[in-house]
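Asks: My questions all concern the structure below.
The values are calculated or read from the model by the stated rules, or taken from the named source; none is laboratory data. Note that this is a predicted model, so its numbers are computed, not measured. With ideal geometry, Cβ positions are generated from the backbone for all residues, glycine too; neighbour counts draw on all protein chains shown.
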């Protein structure tokens with residue numbers, strides 16, 4: 001982007017530091033505030049990668065700039081970096097200016113191969129590259145990649161300055177068929193934190209599985225060992241008949257971090273199973289019980305919801321105390337963050 005002064009007269013639809021509140025039909029978190037009509041291509045080669053820019057200017061004035069008839073440029077999305085004044089847009093606000101089905105004018109001969117995002121700020125000053133901006137942009141790039149089948153890696157999520165990267169030029173020429181030399185801009189520049197952005201695009205997932213054969217499993221001798229079910233997890237599983245008494249099978253683990261964890265359970269289904277087997281889940285607010293019909297949906301990880309949990313010792317118990325007659329099964333459980 002060319003340097004755009006903050007004092008630029010704002011176009012219609014940008015009033016008192018906020019954009020016209022029309023929701024985007026492509027991406028719900030975005031505000032729809034279109035670029036000047038027709039300043040895009042309606043056909044192209046498909047979105048094969050995404051490009052990150054900085055505005056060399058400010059959020060609201062950049063939106064106004066793209067709405068002027070004399071501006072021979074456009075962009076799919078604009079992200080605000082920080083709220084400089086009380087009337088400025090909130091940090092992390094997102095505006096869509098070109099439909100994702102079309103091709104914005106932002107990278108010359110690459111235009112018909114990619115989608116683009118402008119970020120408030122300057123390549124020479126990281127002050128506007130805020131956590132709010134990275135979070136908004138990271139989630140947006142993830143959406144674009146998921147929607148268009150774009151791999152979430154640095155060959156496909158690139159800067160306007162990526163032409164300076166010889167390895168990427170070789171890759172892009174071979175895989176996209178583009179001329180990487182048609183661009184000469186150097187944004188978003190040396191202060192742009194690619195690691196932070198990519199950690200939001202591709203969040204690290206922690207998965208902990210405890211099988212009934214693992215050290216984290218414990219129960220009484222009243223629970224028999226079964227091997228006949230073909231949809232079991234691992235070599236075997238434990239089971240017993242329902243009864244009105246406390247005799248739970250317990251899967252225990254130590255969670256490495258507090259926060260939201262999603263719980264899954266695995267069991268072999270069967271017609272003789274209880275239709276309401278209690279799974280007791282430890283959470284930061286205390287125990288929570290999910291009643292699971294073990295006659296159906298077996299042989300796979302079955303989602304039991306997401307819960308706030310403390311770090312350290314946690315458990316999932318399979319209780320036999322249920323009025324729904326039949327066998328209750330303890331096979332394997334999984335925590336995912």
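Asks: Checking residue 238 against (1) surrounded by 16 or more Cβ atoms within 10 Å (Cβ to Cβ); (2) touching a strand residue (DSSP E or B) at 6+ places or on another chain (Cβ under 8 Å); (3) in a loop (DSSP other than H, G, I, E, B), only one condition comes out false. Which one?
Replies: So residue 238 meets the others, but not (3).
Asks: Being farther than 24 Å from residue 157 by Cβ and touching a strand residue (DSSP E or B) at 6+ places or on another chain (Cβ under 6 Å), is that true of even one residue in the stretch 40-57? Break it down stepwise before answering.
Replies: Going residue by residue through the stretch 40-57, those that are farther than 24 Å from residue 157 by Cβ are 42.
This time we only want the ones that are touching a strand residue (DSSP E or B) at 6+ places or on another chain (Cβ under 6 Å), so: none.
No: the stretch 40-57 contains no residue that is farther than 24 Å from residue 157 by Cβ and touching a strand residue (DSSP E or B) at 6+ places or on another chain (Cβ under 6 Å).
Asks: If you don't mind, another one. Mind checking which strands (runs of 3 or more DSSP E) fall wholly inside the stretch 141-229 and carry at least 2 residues that are touching a residue at least 40 places away in the same chain (Cβ under 8 Å), surrounded by 13 or more Cβ atoms within 10 Å (Cβ to Cβ) and in contact with a strand residue (DSSP E or B) (Cβ under 8 Å, 6 or more places away or on another chain)?
Replies: 157-159, 207-211
Asks: State which residue is modelled with the lowest pLDDT when the search covers only the stretch 5-31 and only residues that are touching a strand residue (DSSP E or B) at 6+ places or on another chain (Cβ under 6 Å), surrounded by 18 or more Cβ atoms within 10 Å (Cβ to Cβ) and within 19 Å of residue 88 (Cα to Cα).
Replies: By that ranking, first place goes to 19.
Asks: Just to be sure I understand, how many residues within the stretch 273-285 are within 28 Å of the chain's Cα centre (by Cα) and in a strand (DSSP E or B)?
Replies: Just the residues of the stretch 273-285 that are within 28 Å of the chain's Cα centre (by Cα), to begin with: 281-285.
Checking the rest, the ones that are also in a strand (DSSP E or B) come to 281-283.
The number of residues fulfilling the criteria is 3.
Asks: Can you name the condition, by its number, that residue 54 falls short on among (1) within 20 Å of residue 141 (Cα to Cα); (2) at pLDDT below 95?
Replies: The number of the failed condition is (2).
Asks: Could I ask something else about it? In this structure, is residue 70 over 23 Å from residue 144 (Cα atoms), more than 26 Å from the chain's Cα centre (by Cα), in a loop (DSSP other than H, G, I, E, B) and in contact (Cβ under 8 Å) with a residue 60 or more places away in the chain?
Replies: no
Asks: Filter the stretch 318-332 for residues that are in a strand (DSSP E or B) and buried (at least 21 other Cβ atoms within 10 Å of the Cβ) and give the result.
Replies: The answer is 318, 328, 329, 330, 332.
Asks: Residue 123 fails exactly one of the following numbered conditions: (1) farther than 23 Å from residue 180 by Cα; (2) touching a residue at least 60 places away in the same chain (Cβ under 8 Å); (3) surrounded by fewer than 24 Cβ atoms within 10 Å (Cβ to Cβ); (4) out of contact with any helix residue (DSSP H, G or I) (no Cβ under 8 Å at 6 or more places or on another chain). What is the number of that condition?
Replies: So residue 123 meets the others, but not (1).
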